[in-house]
Amino acid sequence: MKRFYATAGTSAVEGGFDVRLDGKPIRAPGGAFLVVPNETLARAIAAEWQAQPAGGEIKPTNMPLMRLAATGLERVPGQRDKVIADTAKYAGSDLLCYRATDPDSLVARQCKVWDPLLAWFGERHGARLEPAAGVILRPQPPESIERVRLAVAAHGDLALAALYNLTTWMGSVVLALAVSDRHLDGAAAFEAAELDALFEIERWGADSEATLRHQRLRADIEAAARFLELLGDARLR
């Protein structure tokens, strides 16, 4: 679809702020009006629409904030319990608990970056997750799994859309919650999530396909992190 509007803006409405194209409110793909809790997020989504090329094709892939808002408004509410469960289950096999046995330099780097994050997570959410070396992870304490579930469930539908994506992209609910809690920004979360891959690139170099994958992943993680930041306190129920 080609760009058909001149300007994108926002307006205060019941329940928050909507996004408007030439003064008309827009709808998410499923038909719901796109209303978000605060003007800051609404303006950021409007900026994505305004940035689409005049006379050119509208590219949803260039509007990550819009896509996350639409997902949170239309897809999460009808399956909220499943989204929570699918996100929280990563606590049982979190990336940060899956440790290498060699080489020593990688083992040391994992400990240096990941151990403080697990320690913070235990203090912040009362969920102690134990790392293990090798291909078989140790079972995590049931009470820790439940505390992770409660931490995930504390998020509203819009935030849950971003939290779920971050968790699946990074293979870590610890990192996703660290982003939501503003303990990590998107760039730091990407570095922690891709620690192993970046280590291999340092040793052996990167091919063009790997570079492109990393660029896309970093952009996705940073967009989801920005979405949660823009939600502010509204990210929680």
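Does residue 30 meet the test of being touching a helix residue (DSSP H, G or I) at 6+ places or on another chain (Cβ under 7 Å), in a loop (DSSP other than H, G, I, E, B) and either hydrophobic (A, V, I, L, M, F, W, C) or touching a residue at least 24 places away in the same chain (Cβ under 8 Å) (or both)?
yes
For residue 178, all conditions in the list (1) open to solvent by less than 20 Å² (accessible area, probe 1.4 Å); (2) at positive phi hold save one; what is the number of the exception?
(2) is the only condition that residue 178 fails.
Can you tell me which residue in the stretch 119-137 is nearest to residue 94 (Cα to Cα), limited to those that are open to solvent by 20 Å² or more (accessible area, probe 1.4 Å) and touching a residue at least 40 places away in the same chain (Cβ under 8 Å)?
Per the criteria, the residue is 137.
Condition first: touching a Pro at 6+ places or on another chain (Cβ under 8 Å) and among the hydroxyl-bearing types (Ser, Thr, Tyr). Now tell me which residues in the stretch 1-51 satisfy that.
Listed by number, the list holds a single entry, 11.
Does residue 207 satisfy being in contact (Cβ under 8 Å) with a residue 24 or more places away in the chain and either loosely packed, with under 15 Cβ neighbours inside 10 Å or of a type in the set (D, E, K, R) (or both)?
no
Out of 150, 158, report the one residue that is surrounded by 17 or more Cβ atoms within 10 Å (Cβ to Cβ), among the aliphatic types (A, V, I, L, M), out of contact with any Cys (no Cβ under 9 Å at 6 or more places or on another chain) and within 24 Å of residue 79 (Cα to Cα).
Residue meeting the stated conditions: 158.
Any residue at all in the stretch 33-55 that's loosely packed, with under 13 Cβ neighbours inside 10 Å, without any contact (Cβ under 8 Å) to a residue 12 or more places away in the chain and not in a helix (DSSP H, G or I)?
yes
What's the number of the only condition in (1) touching an Asp or Glu at 6+ places or on another chain (Cβ under 8 Å); (2) closer than 22 Å to residue 177 by Cβ; (3) open to solvent by less than 30 Å² (accessible area, probe 1.4 Å) that residue 94 fails to meet?
(1)
The values are calculated or read from the model by the stated rules, or taken from the named source; none is laboratory data. Here the structure is a predicted model, which means the values were calculated and not measured. Positions of Cβ are generated from backbone atoms using ideal geometry, with glycine treated the same way; all protein chains shown enter the neighbour counts. Each accessible area value is taken on the protein alone, full model and side chains, heavy atoms only, with ligands, DNA and RNA left out. Shrake-Rupley method; radii C 1.70, N 1.55, O 1.52, S 1.80 Å.
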